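The values are calculated or read from the model by the stated rules, or taken from the named source; none is laboratory data. Everything quoted here is computed from the prediction, not taken from an experiment. Positions of Cβ are backbone-derived with ideal geometry, glycine not excepted, and every protein chain shown enters the neighbour counts.
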Amino acid sequence: MFYKISFSLFICFCLASTSSAASPYYDNFSGNQIDLSKWQDCQSGEIRDDQLWLDLYGANSWLESQCHVVEKNITNHIRAVVSISGNSYATPGCAVAVKIGGFFYNDTYDVSSSYNNWEGNVFADIRLQLFLGKLYARAVVIRLNNSTGSSKTPSAVYFTQPINFDTKYLLSIDFIGSTIVFKCNNETIVYPITTPIYPTNKLSRELTAIIYADMGEQGYVGGFFDDICLAEACSKVNFLPSAYQILLKSKE
């Protein structure tokens, strides 16, 4: 079960300039090429306008284009500025999305026992998704129930704020104690973990463009990713990028 948190009304002026302080960003894609010391399995990504661009077309199958954080750099936090392209589309029944996420823990096996490949691993993501002509933000947790990962138990909650094409949203996931905290701009959804928590053998953090197309369906999705942050400090409001120094309104 998920639950939501409301924020009080306040204005943040905390990071108007970062020139005198160390940047909290893992990657803001300011170069001309993807930094392979930070990313792996990112062959289909490209840098455009100092952002990472991922896109793909698919029909009759589930397809994804991804960039994975190099494992040694993974933390319990991931945050990114994400937008979904207005050129994205999905035929009836198909869904397309851009998202950040990864495998965070295992609820069955720990390092002292033998892992059963994918079984017990828990994946979490926050996404901007297009389905049946509507755009929305969604927090998702998926438990893999067998060794192949073919059996899954998903849980999901929608954010209430409206989502628009070609608009930047600040998305984050924080794995804190026995909770997973999802944020889309100033709106927060919390997933309380009620199972044991062990290290996962499939640790990952990824940026993804994905198409969920069954037979007879098709879609296209494109999206930008920027200002990736893996530091714990990024879960705090005073590390919002300067472009997001805005009035944060309470959500009822």
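Of note:
- Test: residue in region 191-205 that is in contact with an Asp or Glu (Cβ under 6 Å, 6 or more places away or on another chain), part of a loop (DSSP other than H, G, I, E, B) and surrounded by 21 or more Cβ atoms within 10 Å (Cβ to Cβ): no
- Against the conditions (1) surrounded by fewer than 16 Cβ atoms within 10 Å (Cβ to Cβ); (2) at positive phi, residue 120 satisfies every one except (1).
- Residue match in region 49-64 (condition: more than 21 Å from the chain's Cα centre (by Cα), modelled with pLDDT of 95 or more and not in a strand (DSSP E or B)): yes
- Any hit, region 132-140, residues being in contact (Cβ under 8 Å) with a residue 60 or more places away in the chain and within 23 Å of residue 69 (Cα to Cα): yes
- Exclusive hit being buried (at least 17 other Cβ atoms within 10 Å of the Cβ), touching a Phe, Trp or Tyr at 6+ places or on another chain (Cβ under 7 Å) and either of a type in the set (Lys, Arg) or more than 20 Å from residue 124 (Cβ to Cβ) (or both), set 80, 90, 95: 90
- Of the residues making up region 97-104, none is at pLDDT 95 or above and more than 18 Å from the chain's Cα centre (by Cα).
- Among residues of region 161-178 that are on the phi > 0 side of the Ramachandran plot, those with a Cβ under 9 angstrom from a residue that is of a type in the set (Phe, Trp, Tyr), sequence gap 6+ or separate chain, pair up as 166/224.
- Some residue of region 128-146 being surrounded by fewer than 22 Cβ atoms within 10 Å (Cβ to Cβ), among the aromatic types (Phe, Trp, Tyr), under 17 Å from residue 200 (Cβ atoms) and modelled with pLDDT of 95 or more: no
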